[in-house]
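The values are calculated or read from the model by the stated rules, or taken from the named source; none is laboratory data. None of these values were measured; they are calculated from a predicted model. Ideal geometry is used to build each Cβ from the backbone, glycine not excepted, and the neighbour counts take in all protein chains shown.
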Amino acid sequence: MWRFNDEQQMLRDTVQQLAREELAPRAAELDSAHAFPSDWFAAWGELGLFGMTVPEELGGAGLGDLAAVLAVEELARGCAASASVLATHLFQVVPAVVRFGSEDLQAELLENLATGAAIGAVAWSEKQAGCDLAALESRAVSDGDGWKLEGAKTSVAGAGVAQHLLVAAHTSSERRLESVGLFVVDCDGSGVSVDGSPVSLGLRAAGAATVTFRGATVEGSRRLGEASAIHAPIPALRASTDLGAAALALGIAQASLDQAIDYAKTRKTFNVPIAEHQAISFKIANMATDVRAARALVYETASSLETVGGHDGAAASAKLFATEAAERCAFEALQIFGGYGYSQEYPVERLYRDARMGTLNDGTSEMQRIAIAASTLGA
Ligand SMILES: Cc1cc2nc3c(=O)[nH]c(=O)nc-3n(C[C@H](O)[C@H](O)[C@H](O)COP(=O)(O)OP(=O)(O)OC[C@H]3O[C@@H](n4cnc5c(N)ncnc54)[C@H](O)[C@@H]3O)c2cc1C
């Protein structure tokens, strides 16, 4: 059992209760309506959830990666779609500004990002460029002190509710990942349009949108990396991105196990609860083992990221394992529910759809294995 400090334990208990009482009862309705629950933001802001990864000296709560993992995991148990928006904000947008923004940019953005008055989303992928971000067609052209952005982004989770986008675009004619720049762009800026997205299999309440830039003006200070002389911030954000995705998957895996246990103890066949059939109890045993292993890997990665900056491949392994564990758990939970699992009458149908995204987004399983192999083999 992981030992939390008092602050982490209190946070975990509070968010767990919030997810159980507020999120879980509305998750199905929001999924059906493809509606992001913006009305939850005020409560999340009051709990300080948006500022957990903003350091105290920059106006945040400075609770660290493990606390942020606990919050995302617990929220995902109730509603993975809305938790995914918080995960992006905490593990991609905030770290990008904290690590690569100039002091002025940090002063301009972090106060609102820490309270939730502003939400951040990530606009990297394009139709022809997901895993291979060097193939992006978006361009940022230098325009005196600033930049002009041209391009179109697909599947931007949270864009429908965010104020800031972390946008990836080439700054030169080179087609290398190292030449992809990151820019903070306001969603309501001129030349930026945020439109609906094609219906996705899962995470339907995540406020996904397509975003188009037509000569969008971006101030020079809003290019990330220049102040820290790091011109390839995307690879530098990899471990944090992996951790957020892993925390989300862990919450989905735990929710699948919770559902399966409850159902297996109450549903009877052949005069006994189905949990008494060994075939079912062994599925539960496998799921519990997956959840424990994923949790150990995710918490260990979070702790090592906050204390020693992590180590190569660990976050990639945590993301790979947790997302594949979530798929296995959601699959088995649906199987335990039998035919009812296939209907929208029970949450396992949604968990099954939501879990399927984990191995596709934020580093597909194939790309995670490539990264882990390279770091393990020293390539
Ligand atoms: C629900 C959801 C939310 C998303 N949210 C966001 C978001 O908020 N912001 C954003 O920018 N993007 C987002 N995306 C996009 C997501 O990041 C991309 O879908 C993902 O990076 C994969 O890119 P792709 O779909 O273009 O697949 P491709 O890159 O075309 O890959 C297709 C297949 O080939 C495999 N493959 C590719 N290259 C290799 C290789 N070298 N070796 C072995 N196999 C390989 C992949 O693993 C995959 O199986 C989201 C996607 C989904 C589904």
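List of remarks:
- Flag: Val167 matches the condition of being crowded, with 20+ Cβ neighbours inside 10 Å, more than 15 Å from the chain's Cα centre (by Cα) and within 11 Å of the ligand (Cβ to nearest atom).
- Selection of helices (runs of 4 or more DSSP H) fully inside the stretch 278-379 by the criterion of at least 3 residues being within 16 Å of the ligand (Cβ to nearest atom) returns 314-336, 348-355, 365-377.
- For the condition of a type in the set (S, T, N, Q), in the same structural domain as Ala249 (by TED's automatic domain parsing) and within 16 Å of the ligand (Cβ to nearest atom), Thr269 does not qualify.
- For the stretch 134-159, filtering for residues that are out of contact with any helix residue (DSSP H, G or I) (no Cβ under 9 Å at 6 or more places or on another chain) and either under 19 Å from Ala117 (Cα atoms) or within 15 Å of the ligand (Cβ to nearest atom) (or both) leaves 12.
- On inspection, Thr289 passes the criterion of being under 26 Å from the mean Cα position of the chain (by Cα), without any contact (Cβ under 8 Å) to a residue 40 or more places away in the chain and farther than 23 Å from Gly78 by Cβ.
The rows are residues; the columns are (1) at pLDDT below 95; (2) surrounded by fewer than 21 Cβ atoms within 10 Å (Cβ to Cβ).
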position	(1), (2)
Trp2	yes, yes
Leu18	no, yes
Pro25	no, yes
Glu29	no, yes
Ala35	yes, yes
Pro95	no, no
Arg99	yes, yes
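- Scanning the stretch 97-124 for residues that are within 16 Å of the ligand (Cβ to nearest atom) and under 22 Å from Glu226 (Cα atoms) gives Gly120, Ala121, Val122, Ala123, Trp124.
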